[in-house]
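Remarks on the structure that follows.
The values are calculated or read from the model by the stated rules, or taken from the named source; none is laboratory data. Because the structure is a prediction, the values reported are computed rather than measured. Reconstructed Cβ throughout: ideal geometry from the backbone, glycine too, with neighbour counts over all protein chains shown. Surface areas here come from the heavy atoms of the whole protein model, side chains and all, with no ligands, DNA or RNA. Shrake-Rupley method; radii C 1.70, N 1.55, O 1.52, S 1.80 Å.
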Amino acid sequence: MTAPPVLTAPPTGRRPVMGWLDPARLLPVAWPVYIELMSGVIAGIISVVWIARLGGPALATVTMASTLENVLMSVILAVSGGTTILLSRAVGASEHARLRPVLRAAFRLTAAVTAVICVVLFALREPLARLVLGSDEAAAVRLSVDYLTVAVPGIAVFYGQYLLDSTFKANGDTRTPMRMAVLSNVILVVADPVLIYGWLGAPRLGVTGSALALVASRAVTLAVTWRLYRRSPLLREMSAAPEAPAAPGPGPVREILRAGLPLGVDFLVRMTAGMLIVGVVARFGTDEVAAYGTVTRTLLFLTMAAYAMRQAATIVAARAKGATDDVLLAASRSSSVRLGVAWSLLGGLAVLAFGGLAVDAVTNEAAIRTAAHGQIPWLAVYITLLLCNVTLSGIFLGGGHGRALATSTTAGAALQLCLAPLLALTPLGLTGAWIAMIVNAGTQTTVLLVLSARQILKAKEVTA
C-alpha cells in the first residue's frame, strides 16, 4: 500500500517551510472516515424509526442500549486508538518488527476487556435496566433484559471490529473501514424489519429481533474484515520482518493504554457533559428539550466531519512522530490549525444561515420551532468553538500529547457542569446553560490553540 498523500516529503532542493503541507492533503484520509461515521448515524436513525412503531417501552429500550453502547465505546476507543497510534508510529519509522508485539498486546488486551465487560453486564443486565429506566417501567425493563441478553455477547463483535479497523487506519487505509461500516449498516437496514416484524417468513421477534439484526450485521462484517486483514499489507510487512527483541521500557500493553486512554477519556467526558446538560435544559420544559435535541442533531454532518479530520490528523501525526520527522509533524500541526479554524468558522456561519431552515424541515411544532430559533445564535458560537478544538485534538493524540488534550477537555467540562446549573437559576435562564457550554468549548479551544502555536514556533526555531 502506498503512503497517504499527506505523508509525502517536501520537494527537495528547497528549505522546508512550516506551511508547505496543504490542509487539503488531509482530506484523502479524512473523507472515508466521515462516510464511515455518518453511515452509522443514518443506520441508527433508521433502526429507531422501525423500533418506534412498537411503542414507547420498545423505544426506551433501544435508547437505553444506545446510551450504554456510547459508554462502552470509550473503553474500546482507548484500546483501538492507542493501537492505531503505536502501529502508525512503527510504520512511519519503518520498524515493521515492532508491529508484532503491538498487535499481540492489542488482541490480548481487547480479549481481556471484552471478557470482563460481557460477563459483568450479562450478570447485571436486569439491575442495570431497572436503574436506567426506573423500577416502575416493568414493560420496558423486561424488553431491555431481552435486548441485552442478545446485545451484550455481541459486544465482542463490536470491539473486534474496532480493533481490526485500527490496523487498516494505521497503515493509512481509511477506505476499508469505511466500506465495512457501509456493509454493516446496509445489512442492518435490511435485517431490522425482517427480524423485528417477521417479514419474508421470519419470526416476529420485536425488540429482540432488533438486537439480533445488530449483532448479525456486525458479525458478518467482522468476518469479511478478518479475511481482508489476513491479506493486508500491514500483516505482510509484519510477517516479512524478523522477530523484534524485547525493548526496554514499558511493555506494549502499557504503551497502548498510555497512547489511547486520553482518547477514551476525551470521548467519555464529552458524552457525559452532553448528557448532563440535557438535564439542565429539561428544567425549562419539554419544548426547550425538544428544540435542543433538534438543533444539535441537525449539526451531525458538521461534527462528524470534525471527528473525521481528527482521525486523519492523528494518523498523520503518529506516523511523522514515528519517523522522527519534526518538519512534517510541525507542518501537520500548522495545517490542522488552519483547517480547524476554517471549518469552525464555516460551521458557525452555516448554523446562522441555515439552522432555522433545518429546524423547520425537521418539525412542524410551532412551540419547538420558536424555542429552537431562540437557541440557534448561541449554538452558532458554541459549534464554532467545538469544531475547532475537535479538529485540533488529533495532532495532540498522534503527536504524543494526549494528556494535554484529556486535561483541557476535563477542565472545560468541569467548568460547564459547575456553571450551567448556577447560571440557569439566574435571570439568564436557558441562555445561562448555553453560556456554560460556550465557556467549556472556549476553554478547550484556547488551550489547544495556545499549545499548537507554541509547538509550531518551537519547530520554526529548530529549523531556522
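The table below gives the values:
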quantity	calculated
Test: residue in the stretch 109-122 that is over 23 Å from Tyr229 (Cβ atoms), of a type outside the set (Val, Ile, Thr) and open to solvent by 10 Å² or more (accessible area, probe 1.4 Å)	yes
Test: residue in the stretch 163-178 that is surrounded by fewer than 19 Cβ atoms within 10 Å (Cβ to Cβ) and out of contact with any Gly (no Cβ under 7 Å at 6 or more places or on another chain)	yes
Residues being farther than 20 Å from Ile155 by Cβ and open to solvent by 50 Å² or more (accessible area, probe 1.4 Å) - total across the stretch 58-67	1
The stretch 197-224: number of residues that are touching a Pro at 6+ places or on another chain (Cβ under 8 Å) and in contact (Cβ under 8 Å) with a residue 40 or more places away in the chain	1
Residue satisfying all of: in the stretch 130-178; part of a loop (DSSP other than H, G, I, E, B) and without any contact (Cβ under 8 Å) to a residue 40 or more places away in the chain; nearest to Leu109 (Cα to Cα) among these	Val152
The stretch 196-228: number of residues that are aliphatic (A, V, I, L, M), touching a Ser or Thr at 6+ places or on another chain (Cβ under 7 Å) and open to solvent by 30 Å² or more (accessible area, probe 1.4 Å)	1
Which listed residue, of Gly264, Gly293, Gly279, Gly251, is of a type outside the set (D, E, K, R) and under 19 Å from Thr391 (Cα atoms)	Gly264
Qualifying residue in the stretch 43-55 (condition: in a helix (DSSP H, G or I), modelled with pLDDT of 85 or more and in contact with a Pro (Cβ under 9 Å, 6 or more places away or on another chain))	yes
Residue that is farthest from the chain's Cα centre (by Cα), among those in the stretch 28-49 that are crowded, with 17+ Cβ neighbours inside 10 Å and closer than 19 Å to Glu69 by Cα	Ser47
The stretch 76-121, residues that are among the charged types (D, E, K, R) and either within 19 Å of Gly402 (Cβ to Cβ) or touching an Asp or Glu at 6+ places or on another chain (Cβ under 6 Å) (or both)	Arg89
Criterion (more than 27 Å from Gln311 (Cβ to Cβ) and open to solvent by 50 Å² or more (accessible area, probe 1.4 Å)) met by exactly one of Pro242, Pro193	Pro242
Residue in the stretch 68-85 that is open to solvent by 20 Å² or more (accessible area, probe 1.4 Å), of a type in the set (S, T, N, Q) and part of a helix (DSSP H, G or I) present	yes
Leu261 vs. criteria open to solvent by 60 Å² or more (accessible area, probe 1.4 Å) and either part of a helix (DSSP H, G or I) or in contact with a Lys or Arg (Cβ under 7 Å, 6 or more places away or on another chain) (or both)	yes
Top-ranked residue in the stretch 318-370 [being under 30 Å from Ala290 (Cβ atoms), hydrophobic (A, V, I, L, M, F, W, C) and touching a residue at least 60 places away in the same chain (Cβ under 8 Å); ranked as least open to solvent (accessible area, probe 1.4 Å)]	Val359
Unique residue being more than 30 Å from Leu352 (Cβ to Cβ), at pLDDT 85 or above and part of a helix (DSSP H, G or I) when the list is Leu235, Leu302	Leu235
Listing of helices (runs of 4 or more DSSP H) fully contained in the stretch 358-464 that carry 1 or more residues being modelled with pLDDT under 90 and of a type in the set (Val, Ile, Thr)	366-398, 430-463
Close pairs from the stretch 253-270: first under 16 Å from Thr314 (Cβ atoms), partner not in a helix (DSSP H, G or I), Cβ under 8 Å, at least 6 apart	Arg258/Pro250; Ala259/Gly400
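Residue by residue, here is whether (1) under 18 Å from the mean Cα position of the chain (by Cα); (2) within 19 Å of Ala306 (Cβ to Cβ) holds:
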| residue | (1), (2) |
| --- | --- |
| Ala342 | no, yes |
| Gly356 | no, no |
| Thr363 | no, no |
| Gln375 | no, no |
| Gly394 | yes, yes |
| Gly398 | yes, yes |
